[in-house]
Structures are given as structure tokens and as C-alpha cells.
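Right, one structure below, let's go through it.
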Amino acid sequence: MLRKLFLLLALLLGLVGAARPHIRHSQKISKLTGDALVEAACHGVGGNEADCISTLQAATPNQKAEANALAFFTLKFVENHAENITESIQKVNADSDVDPQLQSALTDCLDQYESLDDLIEDANDGVGARNYPDAQKFIMAALSSVDLCTSQLKNSNFEEKTDCEDEESVEMARDLTKYVVLHKQLLSAALNILTID
């Protein structure tokens, strides 16, 4: 009987210990608000942090007043702009004059960005439910998709194609690269928001 009681007690303590990291993490959500929250979110995201800051400054005062709301705004911003990117890629890929290497990179980006909507939606669901470990998992997956797109564009060497017949496609690839970098910064900012002490 004592052995069963000991096993039951050990099981209960194990369950409490397993639940504790989630509780501790949910307390990490930032107490910062406004400009301080925006700056902390964008700190260390890579590249030009000013782009991240100016984008998050576009959030309403209510969204900047609370970390959860700013994380939601940030993810929604990326989700909405990801839809525009997929449409732009489809238009460029429909052009037969696009360099094959660039077209391949754009197709890979399209594949990555088509799944981005679902990942961001799942991350937002996690933020809404205050299930930050799940939200982080989906944000990390979205970051991986964006990273893959970035590397494919870089590997296509579109910047070096000065003799390309379709200068418009090269210019679009430059713009796409800028947006992909911004998306990476914003996803990193959302991740920062969920982990700021």
C-alpha cells in the first residue's frame, strides 16, 4: 500500500513539474508597453531594425499597450503581406522570359509562402490562447520557411544577371528579397515579444 501511495505521489509531482515550465513561460510575456515594447521586440532582429520599428509603430495604441496584442498585430501583418507576395510571385512566374534559375527560386519561395498562412494562423491561435510554447513553435516554422526562400533567392544570383532580358523580373526579385527580410524581422520580433521578461 505504501508503495502505491509513493508511486501516486511521484506521478502527481511529475505532472506538476511538467506543467510548471508552461506556467513560468506564460509569466514571461512582457510588462512593457508602447514604444518600449516595440523597441524591445525589434531589438536584435537583424538587418535594419528601423524597418521593424516603423512597421510596429503602425499598430494602434491599444495594440502597443499589451504584448499579446502587439504579437497578434505583428503576425497578422506578415500574414497579410505574405498573400501579396504569393500573388506577385505567381505573376512573375507566369512570364516566360524569367531566367530559369530565378524562376526556380521563385517557385521555391511560392511553396514556402503558401504554407506560411497556416503557420501564422496557428501561431496567432497560440497567442490568443496564451499558449506561448505552441505559438513559438509555429513562428519558428514560419521563420524556417522564410529563411529557405531567402537562401533560394540568394542562390539564384539574380543580382548578377545584368544581361537578363527581363529587368522587371530582376527588380521584382530585389523587392521580394526586401519584403522577405522584413518578414523575417517581424517574425523574429513576434518571437521576441513572447519571450521578453
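The values are calculated or read from the model by the stated rules, or taken from the named source; none is laboratory data. Remember, predicted model here, so these are calculated numbers, not experimental data. Ideal geometry is used to build each Cβ from the backbone, glycine not excepted, and the neighbour counts take in all protein chains shown.
Considering region 91-106, and only residues there that are of a type in the set (S, T, N, Q) and surrounded by 13 or more Cβ atoms within 10 Å (Cβ to Cβ), the residue that is farthest from A135 (Cα to Cα) turns out to be Q101. Against the criterion of being in contact with a helix residue (DSSP H, G or I) (Cβ under 6 Å, 6 or more places away or on another chain), in a helix (DSSP H, G or I) and closer than 23 Å to A173 by Cα, A82 qualifies. Check region 72-92 and report whether any residue there is at pLDDT 95 or above, small (G, A, S) and out of contact with any strand residue (DSSP E or B) (no Cβ under 6 Å at 6 or more places or on another chain). No, that holds for no residue. Applying the condition of being at pLDDT below 95 and aliphatic (A, V, I, L, M) to region 56-68 and asking which residue is nearest to V127 (Cα to Cα) yields A67.
Only residues that are out of contact with any His (no Cβ under 8 Å at 6 or more places or on another chain), surrounded by 20 or more Cβ atoms within 10 Å (Cβ to Cβ) and in contact (Cβ under 8 Å) with a residue 24 or more places away in the chain were counted in region 117-137, giving 6. Residue count for region 180-197 satisfying the condition of being at pLDDT below 90 and part of a helix (DSSP H, G or I): 1.
All conditions in (1) in contact with a Ser or Thr (Cβ under 6 Å, 6 or more places away or on another chain); (2) aliphatic (A, V, I, L, M); (3) in a helix (DSSP H, G or I); (4) in contact (Cβ under 8 Å) with a residue 60 or more places away in the chain hold for V98, with the sole exception of (3). Taken together, A59, A82, A65, A94 contain a single residue that is among the small types (G, A, S), touching a His at 6+ places or on another chain (Cβ under 8 Å) and on the phi < 0 side of the Ramachandran plot, which is A82. Residues in region 181-193 that are more than 8 Å from the chain's Cα centre (by Cα) and surrounded by fewer than 24 Cβ atoms within 10 Å (Cβ to Cβ): V181, L182, N192. Out of A71, A50, one residue alone is surrounded by fewer than 21 Cβ atoms within 10 Å (Cβ to Cβ), among the aliphatic types (A, V, I, L, M) and on the phi < 0 side of the Ramachandran plot. It is A50.
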